[in-house]
Every structure is written in C-alpha cells, then in structure tokens.
Amino acid sequence: MKGPTPYSDFIQKLPKLTNEYTSDTFLVDYLKTYLPEEVLNSITPDLTQFGERTAGIFREWARDAEVNPPQLTHFDAMGNRVDEIKVSNGWLELEKVAAKDGLVAIGYERKQDEFSRLYQFVKLYMYTASSAIYTCPLAMTDGAARLIEIYGDDEVLRKAFEGLTSRDPETFKTSGQWMTERTGGSDVSRSMTFAEPDGEGGYILKGHKWFTSAITADIAFTLASTEPPASNGRAALSLFYLPIRNEDGSLNGIEVEALKDKLGTKALPTAQLNLKGVKAMMVGEKGKGVKTISTLFNITRIYNTICAVSYMRRAYALSEAYSKEREAFGTKIENHTLYKKSLREMEIAYQSSTILALFLSKLLGKEECGKATETESALLRLLTPVAKLYTAKQSIKYASEHIEMFGGIGYLEDSGIPSMLRDAQVLSIWEGTTNVLSLDMLRAMERENGFASFGEYSNQLLTSITDPDLANEKAALGKKLKVLFNFATGLKTQEEMIASARDVAFYIAEATIALLWLDFLKTNKDKGNYYQTLKYWLRYKMREDSLVSAEELGLVPERESVG
Ligand code: MFK
C-alpha cells in the first residue's frame, strides 16, 4: 500500500498571524470611533503596512534577538579594558525600524495634533510583542525626549532631543534611565551615587548602578546626590544627563561590571555599572531630581501599559489562530465549547485592558498639546500608575493562559511561546511594583486632586449616557462607583488608606474600563459582542467585595460601632 499510514507522519502546523492592524477588529472600531475621519484616513495606510510587518518579519528578528542574547567582553586581545557589548542582528534591525517607522518621533512631530500619541501607541501596541522588548529602550528614549522638552533649555540637550526623535537610523539615539542602586529599587533616596562640581559648570559622578537598561544607549538620565545623606539615610537627589561615550568612543568614566542574568527580557542588555568619574550635567532644580525624573518615568509607565496590552492581544491572536489549525476529539478545537469560552474571556480581557491603555494615550496626547482640561490632566496623573499596575498583572495572567491554550507545545522553548510569560513578569516590577504604584496612586489622589477628578469624570460620562438601551448598565455602574466612593471616604487614617490602596487601584482600573465601554457603546451598541462584554464586566469583574479594609484584615484595631 502506498502513502503514509494514518497519523504516522502527522506534523501539527503552527498558526500564522495575519495583518495585526486589519485583523484586530476592536482596534479598527476603536480608531473609527475616536479619531476624526481625516486623521484616520491619513494614518490607515501606515498602520496597515506596519501591521503586516509586525505579523511577519519583525517576529523573525525578535526570535533572533531572543535566542542570541547580548554578550559582554571586558578586555580586548591586548588586555585593554573595553567593556564591549555585542547584540544580535535581530535587535539591531528592530532598532532601525523603530527609527524609520517613527515609533518615538510620531509623538513629537505631532502631525496628528492631540491624536499623535494615540497613533504612536497603536504602532507600539503592534510592535511590542514582535520586538523582543526593544520597546524598553524606546520607552526610556521617549521619556527622555519629554524630559528635555520640559527642562532642556540648553544646546547639548536640544541636540540630544534631535537624536532621540530622529527617523533616520544613522542619527537616531536612545536613552537609558538609571535609577536603581544596591540600596534601593523602590526607595531611590538611599542612593550612594555622589555628584561633585567639576569646576567648569558640570559634575563628576561616582557611585554604582545596580540594574540599568540599556547600557547600549547613547545617553542616560540618572540620579545622584550633591550632599551627604541626612541622618535618616535619605539623600536629596538631583537629576543628571550624561553621554555614555566620549567623543573618541571610549566609555564616559563607566565600567560595565556585568550583564544581568534575568528571568526574561533576554535580548535586552541590562547592566550593572561602576561609575568611576562620569562627566554629567545637572538637569532641573538641584535636590528635585525625583520630581524631575518623574516626567520620564510617567512616560515609561504608560509604555509599560502598552507593552502589557500588546502581549495580551498577541496571546489572544495566536490562541485563536491555533484553534483553527489544531484538531482534537474529532474536530478543530475552535469548535470545543470550553476552548471557545476561554478564548472569549481572553478577548474580553485584552480588549478591556486595551480600551484603558488607548484612553491613557489620548489623555497624554491632549495634555502635551495643551488641550487637556484640568480634570483630564489630573486623571492622566491618577490613571498612569493605575493602568500600569492593572494591565501588568493582567498580562502575566494571560501570558500564562496563552501557554496553556497551546497545550504541551506552548511549554516548549523552541515554539517561542514561553518567552512572553517571562517577559510579562517584569511588567509588574520595573517602573514600580504593584505596591509602589498603588502608593503613587494615593499620592496622586491626595496631592494632585486625582480622586475628585475621577469622580467628576465618571459623573460627566454617566450623565452623557442617555440611550435607554444602556440605562441598566449605567445604573449598575453608578451603584458600583458609589460603593467605591463610600469605601474610600470611610478610610480615616493614612494607615487605613495605605492598606486598601491596592484594592482601590484595581477597582478604579475596572471602573474606568466599565466607563470606557459605556462611552464606546454610545456609538457601537449593535456591533459585535461589545454589549455582552460590558454586561460581563459589570457582573463578574467589578466585584464590590474586592475592597478590603485594614480593619477586616486585623491590621488595625476594630472600630467600635456607633449607636
Ligand atoms: C517597556 C516599558 C518600560 C520600560 C522601561 C524599563 C526600564 C527600566 C529602567 C528603570 O529605571 S526601572 C526603575 C524604575 N524605578 C522606579 O520606578 C522607582 C519606583 N519608586 C517610586 O516610584 C517611588 O514612589 C519614588 C522613587 C518616586 C519615591 O521617591 P521619594 O523621593 O520617596 O518620593 P517623594 O518624596 O514622595 O516625592 C518626591 C517628589 O516627586 C514629590 O514632589 P514635590 O517635591 O513637588 O513634593 C512627588 O510628588 C513627586 N513624584 C513622585 N512620584 C511622582 C511624582 N510626581 C509626578 N508623578 C509621579 N509618579
């Protein structure tokens, strides 16, 4: 008998991704809803060509970067200390396209005015999951550009800005953001890096940086103190700009001690540095370094959010594509009810986190073009840590789910699937852990009118919903918001507020998502499953019992009941 015996030579086909813009119906619907027609028409060809490449060649470069991690050589053949870092071709290609495709530049050219950030972040949303996290250098580069826009009244910084926002791979420059030291990742005030005047208006930095991404950049912003620490060990930090290399190509007083061996982000050269005498320039006010660099890290925290939703979208797209290829128990797995349900839950999760991320992009665009109201600016400040912490956790959950959707294949390194889980895990750590960001949300609530603005925004949005078909959902959300406001105003002491900060942050994230779905449904009520999504969200996600007080946990003494 000729031909293979049944199943003996069976090889499972891996799923192919299709154009990541045109196949993402939610993204297309979102942009149609919120972008003026002429803006949408002008950027659609670019998004379409980009979505084709992120589904194709970019993934090959990312794979190359993942399996060929950076290598550090300390000495050359003659014994000279060189500290050279070699990165893969894939990594270099991903940098080139980032420049050419304007992944940072779009945000600063502002050709789409207040919508420029939305356009830029939609491209980053497609790029990230195909970039071996080249998005990290881009995040710091973008944050550095924004910092210079605000504080850079100097020729050197203006020149640096041109490089950071260039579309030409030859002149494109990237920036590092060095904050972490052996003494502290979250509490940077215990810095052991000192800055001494060099007698010519600049400074010389000496100290140590424990975890710096990415040392292959061209410039960096870092924190150091000009005074010895106070008796409580905390130092008033200032912010410094430095070129990583001197004009002759040698390192600027920096020794690269080691590359970090991390759980994930393997392609990203993260280094441990000895600062032996770095020529640097102070930026912003002396002693106000944390405040000044917050401009940068608030941008990288928004990037973190975009990264998280990029992974979630990719996890969904690949799992869906696989379900159309893989057969089990006599039919394609897309026909199995439980697989369908799991996919649908993934879809709701990715679209809901994405609606939050895109809203944040819109707010940032408005703020930077001077078009944000006071409420919107305060909302941007509040939602930046909230969205970062919420989406990071979601992406870890769904990167794990993604592996399971592929069964055993998903657990194999050469399928390329496990790396997403490893990479997603960092999203809840760098740029501030979930707890640190919950405290940052409290800072924004208390000092920057964040909570009052959230109340104002939600009232305005609920009032704008007049469609009787959405009346039940509007009422349900109104009730759930009341639960939040009552709970928050019932927190009397700082300790109580801190103990519940994380729960409040998650609740605000989920409430904002519900508000955004309502707003989206004003125009898209009959489309697809969006209405079901909102109903599901209100019923199963916004759980009133998720707000837990310190008292209930026995962290503070029980209050005597009144009456
Ligand atoms: C792919 C996407 C991302 C990729 C990039 C990853 C690359 C990794 C590069 C890294 O560097 S990772 C390390 C990042 N490290 C952090 O994010 C630090 C986490 N810790 C915090 O965020 C702490 O909350 C903080 C260091 C800010 C606490 O420092 P302090 O000195 O105890 O803060 P303090 O005294 O509360 O605030 C000092 C000032 O900054 C205050 O302003 P004033 O001086 O006017 O009073 C604060 O209001 C202000 N501030 C703090 N956080 C702010 C902020 N202002 C605006 N926005 C914020 N988020």
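The values are calculated or read from the model by the stated rules, or taken from the named source; none is laboratory data. Here the structure is a predicted model, which is why all the values come from computation and not from measurement. When we count neighbours, we look across all protein chains shown, and the Cβ atoms used for this are built from the backbone with ideal geometry, even at glycine. Keep in mind that these areas ignore ligands, DNA and RNA; they rest on the heavy atoms of the full protein, side chains included. Shrake-Rupley method; radii C 1.70, N 1.55, O 1.52, S 1.80 Å.
Given their separation in residues at 0.36 nm each and the Cα-Cα distance between them, Thr25 and Asn529 gain 180.3 nm when the chain is fully extended. Amide H contacts of Thr174 (H built 1.01 Å from N, in plane; Pro and chain starts excluded): Asp218, Ile219 sit under 5 Å, all sequence-distant by 5 or more or on other chains.
Between the stretch 412-439 and the stretch 289-337, the C-alpha centres lie 12 angstrom from each other. Helix-only arithmetic for the chain: the sum of -39500 (n - 2.57) across DSSP H runs with n ≥ 4, divided by the residue total, places the mean residue ellipticity at 222 nm at -17500 deg cm²/dmol. Packing-based ranking of 251-260, 110-119 yields 110-119, 251-260, ordered from highest to lowest mean Cβ neighbour count within 10 Å.
If you take every residue apart from Val97 with its C-beta less than 11 Å away from the C-beta of Val97, what net charge results, scoring Lys and Arg +1 and Asp and Glu -1? Combined, the nearby Lys, Arg, Asp and Glu give +2. Of the peptides 358-366, 51-59, 152-160, the order by per-residue mean of other Cβ atoms within 10 Å, starting with the highest, comes out as 358-366, 51-59, 152-160. Amide H contacts of Leu237 (H built 1.01 Å from N, in plane; Pro and chain starts excluded): Gly289, Val290 sit under 5 Å, all sequence-distant by 5 or more or on other chains. What is the percent carbon and sulfur in the accessible area of the stretch 434-547, measuring with a 1.4 Å probe over the protein chains and ignoring ligands? On the stretch 434-547, the fraction of accessible area on carbon and sulfur atoms equals 50 percent. Within the accessible area of the stretch 15-173, the carbon and sulfur atoms contribute 50%, probe 1.4 Å, all protein chains present. Take every Cα pair under 8 Å whose residues are at least 6 apart in sequence, average their separation, divide by the length of the stretch 434-547, and the relative contact order is 35 percent.
What order do you get for 409-422, 83-96 when each peptide is scored by the mean count of other beta carbon atoms within 10 Å, highest first?
Working: 409-422: 16.7, 83-96: 18.3.
The packing order, highest mean first, is 83-96, 409-422.
Across the stretch 248-261, coupling constants 3J(HN,Hα) worked out from phi with the 6.51/-1.76/1.60 Karplus curve, θ = phi - 60°, read 7, x, 6, 6, 7, x, 10, 10, 8, 6, 6, 8, 6, 9 Hz, and Gly and Pro carry x. P(r) tail, the chain: Cα-Cα pairs separated by more than 32 Å, 47% of all pairs.
Between their Cα atoms, which of Lys16/Lys96; Lys206/Lys393; Lys340/Lys525; Lys260/Lys324; Lys16/Lys535 are more than 29 Å away from each other?
Table pairs above 29 Å Cα-Cα are Lys206/Lys393; Lys260/Lys324; Lys16/Lys535.
Averaged per residue, what accessible surface does the chain expose to a 1.4 Å probe, in Å²? Kindly include the intermediate steps, with their values, before the conclusion.
Details: 25130 Å² over 563 residues.
So the chain comes to 45 Å² accessible per residue, rounded to a whole number.
Rounded if a/c is under 1.5, else prolate if a/b beats b/c, else oblate: with a ≥ b ≥ c from the C-alpha gyration tensor eigenvalues square-rooted, which is the stretch 175-287? Because a/c hits 1.5 or more and a/b fails to exceed b/c, the stretch 175-287 counts as oblate. Note on Lys332: aspartates and glutamates with a C-alpha under 15 Å away, same-chain residues under 8 apart excluded, are Glu320.
Got a number for carbon plus sulfur as a percent of the stretch 309-363's accessible area, 1.4 Å probe? Walk me through the numbers on the way to the answer.
Working: 1010 of 1990 Å².
After summing per-atom areas, the C and S share lands at 51 percent.
Seen from Glu376, the other residues with C-beta closer than 11 Å to its C-beta sum to a net charge of 0, counting Lys and Arg as +1 and Asp and Glu as -1.
Taking amide H positions as modeled 1.01 Å from N, with prolines and chain starts lacking one, the residues under 5 Å from Glu181 and 5 or more places away or on another chain are Trp210.
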